[in-house]
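**Student:** Pasting a structure below so you can have a look.
The values are calculated or read from the model by the stated rules, or taken from the named source; none is laboratory data. Given the structure is predicted, the values throughout are model-derived calculations rather than measurements. Glycine gets a Cβ as well: all are built from the backbone with ideal geometry, and neighbour counts include every protein chain shown. Remember, those area values only see protein heavy atoms, side chains included, never the ligands or the DNA or RNA. Shrake-Rupley method; radii C 1.70, N 1.55, O 1.52, S 1.80 Å.
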2 protein chains.
Amino acid sequence: MKIKMNASYTGMLMVLVALIVSACSTTERTASQSPMMIAEQGSFAVGGSTIQSEGEFDPIDLSTDGQTLHGDHAYVFYQVPVDKRSYPLVMWHGFGQFSKTWESTPDGREGYQNIFLRKDYGVYLIDQPRRGNAGKGTQPGTYTPIPDEQKWFNVFRVGQWPEYFTDVQFPTDNASLEQYFRQMTPDIGPIDVDVNADAVDALFDKIGEGILVTHSHSGGMGWQAAMQNPNIKAIVSYEPGSNFVFPPGEVPEPKPSSSGELTAKEVSLSEFNKLTTIPIVIYYGDNIPEEPSNMPGQDGWRVRLEMAYEWADAINRHGGDAQVVHLPKVGIYGNTHFPFSDLNNLEIAELMADWLSEKGLD
Amino acid sequence: MKIKMNASYTGMLMVLVALIVSACSTTERTASQSPMMIAEQGSFAVGGSTIQSEGEFDPIDLSTDGQTLHGDHAYVFYQVPVDKRSYPLVMWHGFGQFSKTWESTPDGREGYQNIFLRKDYGVYLIDQPRRGNAGKGTQPGTYTPIPDEQKWFNVFRVGQWPEYFTDVQFPTDNASLEQYFRQMTPDIGPIDVDVNADAVDALFDKIGEGILVTHSHSGGMGWQAAMQNPNIKAIVSYEPGSNFVFPPGEVPEPKPSSSGELTAKEVSLSEFNKLTTIPIVIYYGDNIPEEPSNMPGQDGWRVRLEMAYEWADAINRHGGDAQVVHLPKVGIYGNTHFPFSDLNNLEIAELMADWLSEKGLD
């Protein structure tokens, strides 16, 4: 186990960290100082459904009679640069997260939104139905403020609280950690995989062809959206977590781990085959145990990575083009569950840009 | 009562509307075709508090013991244009709304975010604590999907459902109405005026001097934030709805209306006087009844407008600079509760830009 520093000691190192961050951000700023030339930006709701109360609307008593509720849409903020490339990138957050995932990093550097705008891609950021700015759902929900941030510190492989992993690609100052904790937001109502995939399906109907970028929980929903909508021309998936789909007869056995059992999902061969028509790349970060571990925060990723390899094999066996990049295997170390916002996210973005280029998608 | 067309008939007019919108948006696009030059953009959480469970964190059982929850922050997305003006604009949504208020209009035109970026202002959009992307609060909350959109159609003075007001500055096609309904989002936990004002206070501590732009429910919370933070150098308030503050001995009697009683709030003279040191302008739209009406959707605005006039008088009596602009009184007709996204929002923005210029704030 690689362990570096105790989070409670980081106060002592704040001055040093501030100096380093300041030095880095100066370099950063110089490198990225040219303005972003935005031809168009805006937001809209897409997908969703409507419920309506019986009766007739009464403008005096204003009861629910005859009134409607539009909900279960996704909310989308988009920016299109001048001289845009053919395909925009649609970025879809993971569990407990929202569009912020792709915006400023916890330590205030540029995230994928800006990085890929600067690479001339149109960028669409999603809040999935019943999350963040798409909070208006058709189902009731309850929010209970349960302290759970140290759990996520572990599950997202920043370290083993209160220790950061050795050489982790995550800033170890307290202000960044606070921003990281505040970038989670609760669900408003139940997570519904079909509702979410349908909203993203509707988005691609609206905007036409593009590339889907998923993270964690949206990985599995992304396979589903791509099976539904041929406008999804490629998928880049960071650390997909669940709902790997296989055709009948090829579904792997459930994979036990100390964070629970990971099961795969069966879909018809004709549905599965749709995923063999587009290029797909999957990235996983560092500090995923190779052997079963009693640390559930990490161990879940061991079986997900295994499943991802088996899934890519199945796709390729059926004539598809799927690739799993386990970052430490290509010499990139220390990445957490959020490689796109980690300290080395410019390098991580370059990998993705190169892959897009290699596949003729840029 | 000025009434134009039945919303259920608008399907018949969709082709015509589509033609008009298409013609308009072509003009629009030509006028605004120069790209937005963004020097910097990003997002962050600001303000808020933390709760912590007793005990020690256990990485195996992952119970809540020893874990934290950071909540009650505001979420802020900001953009700073090249050649920015001295003061950025901080835009704060109203009741049931979120930052979307200032983004694309229901019919997809540019809202205040883009309009003022193009006028070289830095623009900060807030989601207040427990709303939208700032959904992670410290208090529990329950969401019940109650059909109430026809009520809001009336309260926001688009018309009297299903009729639009005559010459209302709102698009009458169904797609725009659907976007309008979907731009509301529920609270996650109770609305807490102090928590909200504190978060905006913290924002101005972080960014320094700027101008606060409020809408409806944030109007009253905006007065409070300005009393807390001298970095707020001016306020532009669209249709403020509640929490008008007066010094002891000058608090008006409650104002009855068919939507309930509007009360003012007493604050100390020294607090009140802080609002006399900055320029303030308040705008109200059209279709506010002059005499008491049995239509609660409209009648509430009659007493709010009255209260706003009395409030501006009080501010000016104490040496301040507050102005109420009732748009129909200056020859601008048909505006709803959302003048900044209405069909004539470029004209409405020009009024605001002229006011900022007049006050030397540009």
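**Student:** For the stretch A:234-304, state the semi-axes of the equivalent ellipsoid (square roots of 5 times the eigenvalues of the alpha-carbon gyration tensor), sorted largest first and rounded to whole angstrom.
**Tutor:** Values for the stretch A:234-304, descending: 25, 16, 7 Å.
**Student:** Check which residues have an amide H placed less than 5 Å from residue A:326's amide H, if you skip close sequence neighbours.
**Tutor:** It is A:284, by chain and number.
**Student:** Also: Taking the stretch B:188-341 as the region of interest, what is the percent of Cα-Cα pairs per 5 angstrom bin, listed from the shortest bin to the one with the maximum distance?
**Tutor:** Spelled out per bin, shortest first, that is 2, 10, 18, 22, 21, 15, 9, 3, 0, 0.
**Student:** To one decimal in nm, how far is residue A:52 from the same spot in the other copies, if labels go 7 Å from Cα toward Cβ? Please give the shortest first.
**Tutor:** Spacings between copies for this position, smallest first, are 5.4 nm.
**Student:** Oh, and also: Take residue A:344 and residue B:206, extend 7 Å from each Cα along the Cα→Cβ direction, and tell me the distance between the two endpoints in nm.
**Tutor:** So the two model labels end up 2.9 nm from each other.
**Student:** Could you pull the accessible area for residue B:271 with a 1.4 Å probe, rounded to 10 Å²?
**Tutor:** Its heavy atoms expose roughly 60 Å² to the probe.
**Student:** Partner chain Cβ atoms within 10 Å, averaged over the residues of B:71-79 - can you pull that number for me?
**Tutor:** Across the residues of B:71-79, the mean count of other-chain Cβ atoms within 10 Å is 4.
**Student:** If ligands, DNA and RNA are left out, what is the accessible area of residue A:206 with a 1.4 Å probe, given in Å² to the nearest 10?
**Tutor:** 120
**Student:** Collect residues whose amide H, placed 1.01 Å from N in the peptide plane, falls under 5 Å from the amide H of residue A:234; neighbours closer than 5 in sequence don't count.
**Tutor:** A:212
**Student:** Would you list the P(r) distribution for the stretch A:43-164, with all Cα-Cα distances sorted into 5 Å bins from 0 and each bin expressed as a whole %?
**Tutor:** Answer for the stretch A:43-164: a P(r) of 2, 9, 13, 15, 15, 13, 11, 8, 6, 5, 2, 1, 0 percent.
**Student:** Quick query: amide H of residue B:244 versus all other amide H atoms, modeled in the peptide plane; which residues come in under 5 Å with a sequence gap of 5 or more or a different chain?
**Tutor:** Amide H to amide H, under 5 Å and 5 or more residues apart or across chains, residue B:244 pairs with B:265.
**Student:** How high is the FRET efficiency from residue B:52 to residue B:273, r the C-beta distance, R0 41 Å, rounded to 0.05?
**Tutor:** 0.55
**Student:** Based on Cα positions only, what radius of gyration and what Dmax would you give for the protein assembly as shown, in angstroms?
**Tutor:** 26.0, 82
**Student:** Restricting to the stretch B:238-333, what percent of DSSP beta bridges are antiparallel, rounded to 5?
**Tutor:** Looking only at bridges with both residues in the stretch B:238-333, the antiparallel portion is about 25 percent.
**Student:** In peptide A:59-70, how many Cβ atoms from other protein chains are near each Cβ within 10 Å, on average?
**Tutor:** For this peptide, the per-residue mean of nearby foreign Cβ atoms is 6.
**Student:** Also, I was wondering about something else. In nm, give the distance between the simple-model label positions of residue B:167 and residue A:82, each being 7 Å from the Cα along the Cα-to-Cβ direction.
**Tutor:** 4.0
**Student:** Enter the mean number of other protein chain beta carbons within 10 Å of the beta carbon of each residue in A:160-167, as an integer.
**Tutor:** Partner-chain Cβ atoms within 10 Å, mean over residues of A:160-167: 1.
**Student:** If I take every Cα pair under 8 Å that is 6 or more residues apart in chain A, average their sequence separation and divide by the length, what percent do I get for the relative contact order?
**Tutor:** Here the relative contact order equals 17 percent.
**Student:** Let me ask something additional. Counting each DSSP H run of 4 or more residues in chain A as -39500 (n - 2.57), what helix-only mean residue ellipticity at 222 nm follows after dividing by all residues, to the nearest 500 deg cm²/dmol?
**Tutor:** Mean residue ellipticity, 222 nm, calculated: -9500 deg cm²/dmol.
**Student:** Using a label position 7 Å from Cα in the Cα→Cβ direction, what is the ascending list of nm distances from residue B:66 to the same site in the other copies?
**Tutor:** Output for residue B:66: 6.1 nm, nearest copy listed first.
**Student:** If DNA, RNA and ligands are ignored and the probe is 1.4 Å, what is the ranking of B:87, A:333, A:309 by accessible area, most exposed first?
**Tutor:** Putting B:87, A:333, A:309 in descending order of accessible area: A:333, A:309, B:87.
**Student:** From the protein chains alone at 1.4 Å, what is the descending order of accessible area for A:109, A:118, largest first?
**Tutor:** A:118, A:109
**Student:** May I ask what percent, to the nearest 5, of DSSP beta bridges between residues of the protein assembly as shown are antiparallel?
**Tutor:** 50
**Student:** Could you work out the equivalent-ellipsoid semi-axes for chain A, taking the square root of 5 times each eigenvalue of the Cα gyration tensor, largest first, in whole Å?
**Tutor:** 32, 26, 23
**Student:** Further question: Report for the stretch A:38-359 the percent antiparallel among DSSP-assigned beta bridges with both residues inside it, nearest 5.
**Tutor:** Percent antiparallel among DSSP bridges in the stretch A:38-359 is about 45.
**Student:** Greater than 19 Å separation of Cα atoms is the criterion. Which listed pairs, B:84/B:119; B:151/B:255; A:329/A:359; B:206/B:359; B:119/B:359, meet it?
**Tutor:** Check vs 19 Å cut-off fails for B:151/B:255; A:329/A:359; B:206/B:359.
**Student:** Another question about this same structure. Report the one residue of B:344, B:288, B:236 whose Cα lies farthest in the direction of the positive end of the charge dipole of chain B (charges on C-beta: Lys and Arg +1, Asp and Glu -1; origin at the Cα centre).
**Tutor:** B:344
**Student:** What are the ³J(HN,Hα) couplings of the stretch A:103-113, residue after residue, when phi is run through the Karplus curve with 6.51, -1.76, 1.60 and θ = phi - 60°? Round to Hz, x for glycine and proline.
**Tutor:** With the stated coefficients, the stretch A:103-113 comes to 8, 3, 6, x, 9, x, 7, 6, x, 4, 3 Hz.
**Student:** How much accessible area is lost when chains A and B come together, counting both sides, with a 1.4 Å probe, in Å² rounded to the nearest 100?
**Tutor:** So the total buried area for this chain pair works out to about 6200 Å².
**Student:** Could you give me the ³J(HN,Hα) list for the stretch A:160-172, computed from phi with Karplus coefficients 6.51, -1.76, 1.60 and θ = phi - 60°, whole Hz, x at Gly and Pro?
**Tutor:** Here the 3J(HN,Hα) series is 10, 2, x, 9, 7, 5, 4, 6, 4, 7, 9, x, 9 Hz.
**Student:** Rounded to whole Hz and in sequence order, give me ³J(HN,Hα) for the stretch B:251-259 from the Karplus expression 6.51 cos²θ - 1.76 cosθ + 1.60, θ = phi - 60°, writing x for Gly and Pro.
**Tutor:** 6, x, 4, x, 10, x, 8, 6, 9
**Student:** Sort B:85, B:182 by heavy-atom solvent-accessible area, probe 1.4 angstrom, most to least.
**Tutor:** B:85, B:182
**Student:** What FRET efficiency comes out for residue B:323 versus residue B:263 if R0 is 30 angstrom and r is the Cβ-Cβ distance? Round to the nearest 0.05.
**Tutor:** My answer for the efficiency is 0.80.
**Student:** If ligands, DNA and RNA are left out, what is the accessible area of residue A:265 with a 1.4 Å probe, given in Å² to the nearest 10?
**Tutor:** The accessible area of residue A:265 comes to roughly 70 Å².
**Student:** Let me ask something additional. If you roll a 1.4 Å probe over the heavy atoms of the protein chains, what accessible area per residue do you get for the protein assembly as shown, in Å²?
**Tutor:** For the protein assembly as shown, the solvent-accessible area averages 36 Å² per residue.
**Student:** Just to confirm my numbers, what's the Cα centroid distance between the stretch A:142-207 and the stretch A:316-336 in Å?
**Tutor:** 22
**Student:** What's the carbon and sulfur percent of the stretch B:38-359's accessible surface, probe 1.4 angstrom, rounded to a whole number?
**Tutor:** 47
**Student:** So what's the gap between the Cα centers of the stretch A:212-281 and the stretch A:109-138, to the nearest angstrom?
**Tutor:** 21
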